[in-house]
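Computed from the coordinates by the stated procedures, all read-outs in this text should not be read as laboratory data. Small disclaimer: the values here were computed from a predicted structure and weren't measured. Backbone-built Cβ (ideal geometry, glycine too); neighbour counts: all protein chains shown.
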Amino acid sequence: MRVLAIDVGSSSIKAAYCKNGRIKKIIQTPVQTQFDGTKVTIPAGTLLQSFEEAIRTAMSGHRKLDAIAIDTFSPGLVGLDRTKNPILGCISHQDRRSVAQAAALEKHFGMQRCLQLTGNRPFPGGIASTSLFWFKLKQPDLFKKSVFIGQTSSLLVHHLTGQWVIDPSQAAFSGLYDSNHLSGWAEEICKFIGVRINQLPSVLFADQIAGKVTASAAQRLGLPAGCPVLPGIVDTSAAVLSTDCRPGRMVHSAGSTDVLALCLEKPHPAADILSRPLGTGKKLPRRWLAVSTIAAAGSSMKWVNRTFFSELSSKNFHKLLDRCEGRMRIRYRTGDFSRSTSNLAVVFRPYLAGDRTSMELKTGGFENLTLSTGREEMLHAVIEALVQSSRERFMRLEQVHAVRKEIFTMGGQVLLADIMHRHWPGKWSFTAIENEAVSGLARLANVALN
């Protein structure tokens, strides 16, 4: 089985040519994200160019291909006009322009009804319905011209096949889908925002075939015409698919964003957790994920390195990070995780990229700074905040389901992850996975075409 696995992130695209489950070639192409205050957009045209470049590079030297599997960041709201040209998006999950619209949605339906209908509260930017509602109120002409509404995965699959589809994992983060029961689009919310069901993609399980590469796409990209393409899936789901997906299985992805994902047999909607289907269900079992994140974890450490320790290379900064962690003032007291007894200790709020499970626009910052505060104290405060948040999030997910002892880890922030793990309660074993997303996609394609 020869699979082209494409992992589309908000900063880069990884494309891997896999044969019989082994990665033969993997490349990485940058993605340009536009930051404008609270607005965070990846222009659809720019993303498609990077997507095509990644495909051409990964397929260079290869002619045969049995399937294409894609994962993308989520949400990534997109809108297409009548001719199916993108005119809206991709609105990233980091976007926070829709705080007022999120509050209006939850006020109208109520928090419990939102959880019942979609599995999640309408977090601004983190759930695409809030961004969609913003466009209706703030840019109504563009909203009316968006005849087709979907996610980034819908856009990319359509670019290859001409089909307008979505899987349950991506549909869940649209905020318009009944992700608790997989029963279809939530008509109450769609009607309130002003979206018709026929504007939305057809929902297919991620382990199905969405369509086949069109002749024009094949000629343009060097792909075999008629090659099957899967519907796409959320990037975290692709990573989880590189494990056994058993209920209670925990995955820790430590990167720019820090993600804890717990695999469940049944959904567990909660006000402080991102809940969604894994995305499979046609051939692989139906599973759900309970997800908790730190929106800026590794990216916070890079910010500290760049802002306060610019003379240090990444390697030397990591050595400093390790030394600081050895002197941390975090202590265990009667089972609690608490800071130093000093009320004057520097404190950091770890929200440089906001908080995906907050209805308010949170920002990062330091407290208790004085003229005597040094940069290492500030670094120490950042480490403490990230580690304490990690511990609290882990303990919260333990309340949802008993966590299996073997935890799978992935991502580039290995040192930060190790520091976090040392402060989790209990004893755990950790198994590192490399190229987790593309490995999960290769497995998914093998199952779908079995």
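Rounded to the nearest 500 deg cm²/dmol, what is the calculated helix-only ellipticity per residue at 222 nm for the chain, with -39500 (n - 2.57) per DSSP H run of length n ≥ 4? Walk me through the numbers on the way to the answer.
Values: 15 runs with 158 residues, N = 450.
It lands at -10500 deg cm²/dmol.
Placing unit charges on C-beta atoms (Lys and Arg positive, Asp and Glu negative, everything else neutral), compute the dipole magnitude of the chain about its Cα centre in debye, rounded to 20. Write down the numbers at each step before the final one.
Working: 55 positive and 36 negative charges, 120 e Å.
Dipole size: approximately 580 debye.
Give, in nm to one decimal, the length gained when the segment between GLU188 and LYS282 is fully stretched (0.36 nm per residue of separation minus the Cα-Cα distance). The partial results should precede the final answer.
Numbers: separation 94, 0.36 × 94 = 33.84 nm, distance 2.71 nm.
Value of the extension gain: 31.1 nm.
Need one number: nm distance between label points at ASP418 and ALA225, each 7 Å from Cα along Cα→Cβ, rounded to one decimal.
5.4 nm
Do you know the relative contact order of the stretch 143-215, to the nearest whole percent, from alpha carbon pairs under 8 angstrom that are 6+ apart?
Working: 83 pairs, mean separation 27.9, N = 73.
Relative contact order of the stretch 143-215: 38 percent.
Explain nothing, just the number: relative contact order of the chain, from Cα pairs under 8 Å at least 6 residues apart, as a whole percent. Write down the numbers at each step before the final one.
Numbers: 1015 pairs, mean separation 72.0, N = 450.
16 percent.
Between HIS62 and MET395, what is the label-to-label distance in nm when each label sits 7 Å out along the Cα-to-Cβ direction?
Result: 4.6 nm between the two label points.
Tell me which of GLN112, ALA217, VAL157 sits at the most positive position along the dipole axis of the chain, charges placed on C-beta atoms (Lys, Arg +1; Asp, Glu -1).
In the chain, that residue is ALA217.
Out of THR29, THR409, THR431, any idea which swings most in a Gaussian network model of the chain, alpha carbons joined below 10 Å?
Judging by the Gaussian network model, the answer is THR431.
So how many Lys-Lys pairs in the stretch 231-332 land under 27 Å Cα to Cα, not counting same-chain pairs under 8 apart? Write down the numbers at each step before the final one.
Values: LYS266/LYS282; LYS266/LYS283; LYS302/LYS315; LYS302/LYS319.
Qualifying lysine pairs in the stretch 231-332: 4.
Evaluate E = 1/(1 + (r/R0)^6) for ASN20 and PHE430, where r is the Cβ-Cβ distance and R0 equals 35 Å; express this FRET efficiency to the nearest 0.05.
Numbers: r = 28 Å, r/R0 = 0.79.
Efficiency, from the Cβ-Cβ distance: 0.80.
Of LEU289, LEU320, ALA271, which is farthest on the positive side of the dipole of the stretch 265-320, counting Cα position, with +1 on Lys and Arg Cβ, -1 on Asp and Glu Cβ, and the Cα centre as origin?
LEU289
Can you tell me what share of the DSSP beta bridges in the chain is antiparallel? A percent to the nearest 5 is fine.
Working: 53 of 73 bridges.
Taking every DSSP beta bridge within the chain, about 75 percent pair in antiparallel fashion.
May I ask which residue of CYS190, SER358, PHE35 lies farthest towards the positive end of the charge dipole of the chain, with charges of +1 (Lys, Arg) and -1 (Asp, Glu) on Cβ and the Cα centre as origin?
CYS190
Would you mind putting 123-134, 34-45 in packing order, based on average other-beta-carbon counts within 10 Å, highest first? Let's see the in-between values first.
Details: 123-134: 27.7, 34-45: 15.3.
Result, highest mean first: 123-134, 34-45.
Give me the net charge of VAL234's neighbourhood, meaning all other residues with Cβ under 10 Å from the Cβ of VAL234; Lys, Arg count +1, Asp, Glu -1.
Working: positive: ARG276; negative: ASP71, ASP167, ASP235.
It works out to a net charge of -2.
Where the centroid of each part is defined by its Cα atoms, how far is the stretch 14-72 from the stretch 406-434 in Å?
Cα centres, the stretch 14-72 to the stretch 406-434: 27 Å.
Evaluate the relative contact order of the stretch 298-432 (contact order divided by residue number), counting alpha-carbon pairs under 8 angstrom at least 6 apart; express in whole percent. Before the final figure, lay out each step's value.
Details: 119 pairs, mean separation 29.4, N = 135.
Answer for the stretch 298-432 is 22 percent.
Connecting C-alpha atoms closer than 10 Å in a GNM of the chain, tell me which of LEU371, LEU182, LEU230 has the biggest fluctuation.
In this elastic network of the chain, the residue with the biggest mean-square fluctuation among LEU371, LEU182, LEU230 is LEU371.
Please identify which residues in the stretch 361-385 have an amide N closer than 12 Å to a label point set 7 Å out from the Cα of PHE309, following the Cα→Cβ vector.
375-383
Given Cβ point charges of +1 (Lys, Arg) and -1 (Asp, Glu) and nothing else, what value in debye, to the nearest 20, does the dipole of the stretch 298-432 about its Cα centre take?
240 debye
Determine the percent antiparallel among the DSSP beta bridges restricted to the stretch 298-432, to the nearest 5. Show your work: numbers first, answer last.
Details: 6 of 11 bridges.
Counting DSSP beta bridges with both partners in the stretch 298-432, the antiparallel share is about 55 percent.
Could you state the number of Å between the C-alpha centres of the stretch 182-235 and the stretch 242-314?
Here the answer is 24 Å between Cα centres.
Taking θ as phi - 60°, what are the ³J(HN,Hα) couplings along the stretch 90-101 by the Karplus curve (6.51, -1.76, 1.60), each to the nearest whole Hz, with x for Gly and Pro?
Per residue, the Karplus-derived 3J(HN,Hα) values read 8, 8, 6, 5, 7, 5, 10, 6, 9, 4, 5, 5 Hz.
Which of GLN219, GLN32, GLN413 moves most in a GNM of the chain, Cα contacts under 10 Å?
Result: GLN219 has the largest fluctuation of those listed.
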